[in-house]
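Structure record follows, encoded as structure tokens.
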Amino acid sequence: MCDNAAIVGPHGVGIGLRHAHHADFLASVPAVDWVEVHSENYFGDGGYDLHVLEAIRRDLPVSLHGVGLGLGSPAPLDEVHIGRLRRLADRISPHIVSEHLSWNATSSAYLNDLLPLPLTHDALEYLCPRVQMLQDALGRPILLENVSAYTRFRTDQYGETGFLAELARRTGCGVLLDINNLYVNQCNHGEDAIAAIDALPSRLVGEIHLAGHSVTDIGLIDDHGSRVTPDVWRLYEYALQRFGNVPTLVEWDTNLPPLAELVNEAEEARMIQERFDRSLLPDASERRQR
């Protein structure tokens, strides 16, 4: 068991750095507080993408967000993958390194997806040493993200955030809370997003993600291809009340808009954070009495 301390990340609101916006970033640093990149896109030892990332790192803090390790997979952890991640982290000095609570591989196949785990005691026992191995290899604690799930298991013994809280208690990792994923799971499975937020001790949440989703005839799809919806913004406001102004990222990965539109979404999150900050101030009459 480990005593958790909050993993301190960059303040304010960030956006994902995507290839389509590289030229815009190099021309002028956008009005955001930090950027997040998918770690695997920068595992090479050179090339234009890494050049861009190193240039941007001089102006903005960077968070590394992994999508390919598959910590819950039945296959052994990929030590080559972890070594490349460590090399990138040493090169970039990110404020946060994160991964997903998911699996993606067997001994014979790799699946390009973030697949949900059974939330059981056995899964928890399996994951703890793997998370610890990753943290030991990186020399730092990581954040783990809840995922959108299109199926649940009858054997589940935890809610997803309750599972993450126990995993964090045992390993010292933190939580990357994806608000859109909570909303997708609420709509698809009838799960209670507010209860999921309440199941997390506030000190565990080191980063929040916001994104858009698609509505289909069979359910919601977490495709990161549109603006954040009003329902997700409202859940974000609730999360701020519980966790404070946690570093927040606006994700937009498909149907990418012009960079200015993405920055406007980040500004919406910033305004919500500022309203939350103002709500903590004493009112004018109370200030006058001091």
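Let me spell out the model: positive unit charges on the Cβ of Lys and Arg, negative unit charges on the Cβ of Asp and Glu, origin at the Cα centre of the stretch 13-289. What dipole size does that give, in debye rounded to 20? Intermediate values should be presented prior to the final figure.
Values: 22 positive and 40 negative charges, 140 e Å.
Using Cβ point charges on Lys, Arg, Asp and Glu, the stretch 13-289 gives about 680 debye.
The distance between label points at His189 and Glu261 comes to 3.1 nm (points 7 Å beyond Cα on the Cα→Cβ vector). Site pair Phe43 and Leu124 shows an inter-label distance of 3.1 nm when each label is modelled 7 Å from Cα along Cα→Cβ. Computed over the chain, the alpha-carbon pair-distance distribution with 10 angstrom bins reads 6, 28, 36, 22, 5, 1, 0, 0, each value a whole percent.
Calculate the FRET efficiency for Gln157 and Ala20 from the Cβ-Cβ distance with a Förster distance of 41 Å, rounded to the nearest 0.05.
On the way: r = 42 Å, r/R0 = 1.03.
Between Gln157 and Ala20 the formula returns 0.45.
Using a Gaussian network model of the chain in which every pair of alpha carbons under 10 angstrom is joined by a spring, one finds that among Pro258, Pro141, Pro201 the greatest mean-square fluctuation is at Pro258. Each label point was placed 7 Å from the Cα along the Cα-to-Cβ direction; for Glu166 and Asp217 their separation is 4.0 nm. Of Pro116, Pro247, Pro129, which is the most mobile in a GNM of the chain whose springs link Cα atoms less than 10 angstrom apart? Highest fluctuation of the listed residues: Pro129.
When each of Ser108, Ser148 is scored by the number of other beta-carbon atoms lying within 10 Å, the sequence from fewest to most is Ser108, Ser148.
Can you tell me what share of the DSSP beta bridges in the chain is antiparallel? A percent to the nearest 5 is fine.
Here the antiparallel bridges make up roughly 15 percent for the chain.
This ranking places Arg84, Arg278 by how few other beta-carbon atoms lie within 10 Å of each, fewest first, which gives Arg278, Arg84.
For the stretch 13-289, averaging the sequence separation of C-alpha pairs within contact (under 8 Å, six or more residues apart) and dividing by the residue count gives a relative contact order of 17 percent. Cβ crowding within 10 Å, taken as a proxy for footprinting-reagent exposure, orders Thr161, Thr254, Thr229 from fewest neighbours to most as Thr254, Thr229, Thr161.
Distance between the C-alpha centres of the stretch 194-227 and the stretch 24-74: 22 Å, rounded to the whole angstrom. Between Val246, Val228, Val215, the residue with the greatest mean-square fluctuation in the GNM of the chain (Cα pairs under 10 Å linked by springs) is Val215.
Read the figures in this text as sums done on the coordinates, not as results from a lab. What you are looking at is a predicted structure, and each value in this text was computed from that prediction instead of being measured. Positions of Cβ are generated from backbone atoms using ideal geometry, with glycine treated the same way; all protein chains shown enter the neighbour counts.
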